[in-house]
Amino acid sequence: MADDRTRRLEARLAALEARNAELEARNAELEARNAALDNEKRHYRWLADSTTDLISRHARDGTFLYASGASRDLLGYAPEALIGVCAYDLFHPADLADLLNKSPRVYHQDGFYQYTYRFRARDGRYVWFETTSRTRRDSGTGELLDILCVSRDVGRRLRAEANRERLARVVESTTDYVLFADDAERLFDSNEAARRRLALPAADGGDGGDGGASLADAYTEASLAELRDIVLPAVARDGSWSGELSMRGRRGTLPVLSVVLAHRGPGAVPGHLSLLNRDIGLRKAAEAQARRHQAQIAHANRLATTGELASNIAHELNQPLATIANYASGALIKLRTAPDAPAADLGLPLERINAQVSGLAERLRHIRSYVRKGQTRSRPMALGEAVTGACRLCAWQFQQAGVALDPALPKDLPRVLADPIALEQVLVNLLLNALEASRGHPGADRVAIAARRSGPREVVMTVSDRGPGVAEADRKRLFTPFHSGRHDGLGMGLAISHSLMEAMGGGLALAPPAESGGARFDATLRAEGTSPRG
């Protein structure tokens with residue numbers, strides 16, 4: 001009996017020991033699991049505190065229950081300082097009203113919502129936040145337990161988007177023709193001005209968009225060739241190009257000043273281009289009108305100068321006519337005294353008459369070409385041709401005034417690029433001004449014309465006198481229209497001369513005063529083989 005009892009007790013003891021061992025194993029497993037959970041909690045807390053986004057947990061009334069370390073950088077608050085604070089109290093009033101006006105179903109029934117709003121930082125400024133929220137509810141009762149939020153600062157993004165929107169509105173509203181093209185020369189977008197003014201094919205929807213349009217539809221054939229051969233390689237190399245092109249308008253060709261830019265930077269598609277085109281048709285028309293006006297003024301100036309040179313022209317005509325009359329009279333006398341003499345005896349006077357007629361015709365052609373109206377067209381010419389022609393026109397005035405005209409040009413001068421008549425007009429104006437300055441001035445008995453190379457690409461021609469020079473007060477306004485140092489002058493000669501020299505790619509300037517007195521004008525011309533200065 002006692003043995004049975006002992007065995008039962010031993011069996012129960014063994015069962016208890018086994019149960020204890022099982023419990024100890026289970027406890028060890030729970031401790032290990034708790035340790036793993038603690039590690040996982042620490043890991044998640046570390047992740048929450050390490051992220052640049054603000055992770056927070058809120059009660060149903062918006063009170064902070066937890067805030068991650070990002071609150072310091074984003075808002076200036078320590079995480080513990082936010083615990084117990086109602087988030088809604090820090091909302092911008094306008095944004096809080098928008099949030100509260102939303103249907104409760106958004107954040108109570110659906111359980112997930114996203115909202116962009118302004119949130120007040122510790123220093124009083126508002127930070128633009130984009131918050132993604134998730135609500136957590138009791139599975140049995142459906143009661144709202146808490147709200148988990150992830151918030152990030154989107155101020156920079158919103159400012160960038162606002163800037164892009166402003167730029168897009170500017171591009172759309174500008175009167176310039178703005179096109180966007182890909183690397184296959186297809187136009188994938190354009191602004192309203194381009195759609196309205198250019199002869200682009202209509203899109204599939206027939207709304208006049210850019211569907212199917214290309215650079216070939218926007219630019220003329222010559223400009224398209226320039227785009228392909230010059231512009232696009234330059235843009236690929238340098239990132240941009242600017243210059244003048246021509247576009248296909250609905251009412252004809254449109255001259256434009258174009259800027260072509262490559263799309264570069266983050267998010268840019270390689271090969272995409274922006275083409276900004278400003279219509280310069282009115283400017284071109286104004287420039288053409290200005291050129292016509294300038295030509296008219298220059299022509300009027302030549303006519304006025306011709307009036308001043310009337311005595312010289314009369315001398316130019318009188319001398320050969322008198323010579324012709326003398327030879328003709330001698331021939332007639334000889335013919336009357338010896339009517340049977342051979343015709344060969346009249347050869348010499350007839351040859352002299354013919355030479356005088358040819359010379360007179362040449363001089364008349366020269367005077368006629370001088371007063372002829374026409375545009376300025378530069379071509380290679382010898383500088384001596386213009387100097388000789390101008391001296392011939394002014395010679396009689398200089399003789400009457402007793403002032404020597406002294407042209408001295410070196411023989412090795414290169415040919416210059418100039419319009420012969422325009423250059424001669426400039427020289428005549430300078431010579432007549434020098435003559436006027438020399439009249440009655442002691443020692444002013446000579447006007448010199450000289451020339452020299454000023455470099456491999458330029459020739460400088462100078463006209464100098466020994467007169468009183470140009471007063472300091474007049475030097476700055478010397479080339480201003482209607483400003484004259486002469487009481488009877490119109491003040492247009494030097495202004496027109498200055499414009500003509502610039503039209504020929506050169507320039508006209510008054511040299512600094514010399515110790516010997518007088519005035520010297522320097523006319524700069526391009527040597528043959530050089531391009532216009534830009």
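Looking at the range 123-148, which of the residues that are of a type in the set (D, E, K, R) and more than 17 Å from TYR66 (Cα to Cα) is surrounded by the most Cβ atoms within 10 Å (Cβ to Cβ)? Show your work before the answer.
Pass one, the range 123-148, residues of a type in the set (D, E, K, R): 123, 125, 130, 134, 136-138, 143, 146.
Those left that are additionally more than 17 Å from TYR66 (Cα to Cα): 123, 125, 130, 137-138, 143.
Numbers: ASP123: 7, ARG125: 11, GLU130: 17, ARG137: 14, ASP138: 9, GLU143: 9.
This residue is GLU130.
For the range 165-201, the set of residues classified as among the basic types (Lys, Arg) and part of a strand (DSSP E or B) consists of ARG186 only. One residue is enough: does the range 29-51 have a residue meeting the conditions touching a Phe, Trp or Tyr at 6+ places or on another chain (Cβ under 6 Å) and either under 15 Å from THR131 (Cβ atoms) or at pLDDT below 80 (or both)? No, that holds for no residue. Evaluation of TYR66 against the conditions (1) at pLDDT 90 or above; (2) under 56 Å from the mean Cα position of the chain (by Cα); (3) of a type outside the set (Gly, Ala, Ser) shows that the sole unmet condition is (2).
Restricting attention to the range 437-445, does a residue exist that is crowded, with 17+ Cβ neighbours inside 10 Å, modelled with pLDDT of 80 or more and within 17 Å of SER378 (Cβ to Cβ)? Taking every residue of the range 437-445 in turn, none turns out to be crowded, with 17+ Cβ neighbours inside 10 Å, modelled with pLDDT of 80 or more and within 17 Å of SER378 (Cβ to Cβ). Scanning the range 402-446 for residues that are part of a loop (DSSP other than H, G, I, E, B), out of contact with any helix residue (DSSP H, G or I) (no Cβ under 8 Å at 6 or more places or on another chain) and under 18 Å from SER516 (Cβ atoms) turns up HIS441, PRO442, GLY443.
Candidates are the residues of the range 500-534 that are outside any loop (DSSP other than H, G, I, E, B) and over 21 Å from GLU436 (Cβ atoms); the one that is modelled with the lowest pLDDT is ALA503.
The values are calculated or read from the model by the stated rules, or taken from the named source; none is laboratory data. Values in this document were obtained by computation on a predicted structure and should not be read as measured data. Neighbour counts run over all protein chains shown; Cβ positions are idealised from the backbone, glycine included.
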